Amino acid sequence: MKVERQLLTQGAEGRVYKADWLGHSVIIKHRFPKQYRHPDLDAHITRERMKAEARALTRCRTFGIKTPAVFDVNFDKNEIILENINNSITVRNYIYEAVTQNTAMDSPSMLNLANNIGNILAKMHAHNIIHGDLTTSNMLLISPYETSDIILIDFGLSSTDERAEDKAVDLYVLERAVLSTHPNTETFMTHILSVYKTAGGKNAEEVIKRLDEVRLRGRKKLCFG
Ligand SMILES: Nc1ncnc2c1ncn2[C@@H]1O[C@H](COP(=O)(O)OP(=O)(O)OP(=O)(O)O)[C@@H](O)[C@H]1O
Ligand SMILES: [Mg+2]
């Protein structure tokens, strides 16, 4: 079936479109082949990422973690069709907007956002879901943003694991993304982590401890390559 679509983003791995599909407003994520990979390996990786994405989006929903509904997974076209979260913006754009309006990073609205992020990640990790690509672009807020829950997206690199190490790496990826994308966010990030620790599941304290080691490794890697 031919569906009219409007390009939203073009990434290294694929394209994201908005479309109308069987009366639903949807997002179509299309992954295209990587020329530098062997075609068989490429097909395998693409398939695994699509499966990981659909699986994690669905698992999150069963645990009350907000994610878009999965409508269709098409391995022939390398496409996954998701519910379009209408009237949403990414947390990244929400923070940019706040900065434009001179909102301080430690203001009540920002700390409320950090609070929501810490809680949702604690819940996700309590169910052993590792996101794999935590950034502020992969979290959405629905209007009115101030009172919105966090909606998590982009689970193509996700996995299921109970180890503190994997959870700590997940948080480290977020920390690097937040601090490098948004200036003066140290307090904001610290708040996310302290909420995560208090709200956390079984090994949350161990995860936060492990995060120190992951940071150290990250720094060494930066210094020595
Ligand atoms: N279900 C959705 N509802 C509304 N907007 C969405 C939805 N899914 C994605 N978007 C928008 O499209 C952008 C890109 O989507 P997404 O993060 O899933 O793809 P990507 O980063 O290109 O993925 P990948 O890293 O898997 O290649 C998001 O940052 C968001 O702005
Ligand atoms: Mg993304």
Inset, instruction - Report the chymotrypsin sites (Phe, Trp or Tyr not before Pro) located in segment 1-53 that are in a DSSP loop and have at most 14 other Cβ atoms inside 10 Å of their Cβ, or state none. - result: Tyr36
Inset, instruction - Round to a whole angstrom and tell me the spacing of the C-alpha centers of segment 184-203 and segment 19-34. - result: 34
Inset, instruction - Using the structure shown, select from Lys197/Lys220; Lys29/Lys220; Lys77/Lys221; Lys167/Lys220; Lys18/Lys167 the pairs with a Cα to Cα distance greater than 28 angstrom. - result: Lys29/Lys220; Lys77/Lys221; Lys18/Lys167
Inset, instruction - Report ³J(HN,Hα) in whole Hz for each residue of segment 159-166, in order, from the Karplus equation J = 6.51 cos²θ - 1.76 cosθ + 1.60 where θ = phi - 60°; Gly and Pro get x. - result: 8, 10, 7, 9, 5, 4, 4, 5
Inset, instruction - Would you kindly derive the ³J(HN,Hα) couplings of segment 16-29 from the backbone phi angles with the Karplus curve 6.51 cos²θ - 1.76 cosθ + 1.60 (θ = phi - 60°), listing them in order in whole Hz, with x for Gly and Pro? - result: 10, 10, 10, 7, 9, 9, 6, x, 9, 7, 10, 10, 10, 9
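Every number here is computed from the coordinates shown, using simple stated rules; none is lab data. Source: prediction; values computed, not measured. Note that each Cβ is placed from the backbone with ideal geometry, even for glycine, and that neighbours are counted across all protein chains shown.
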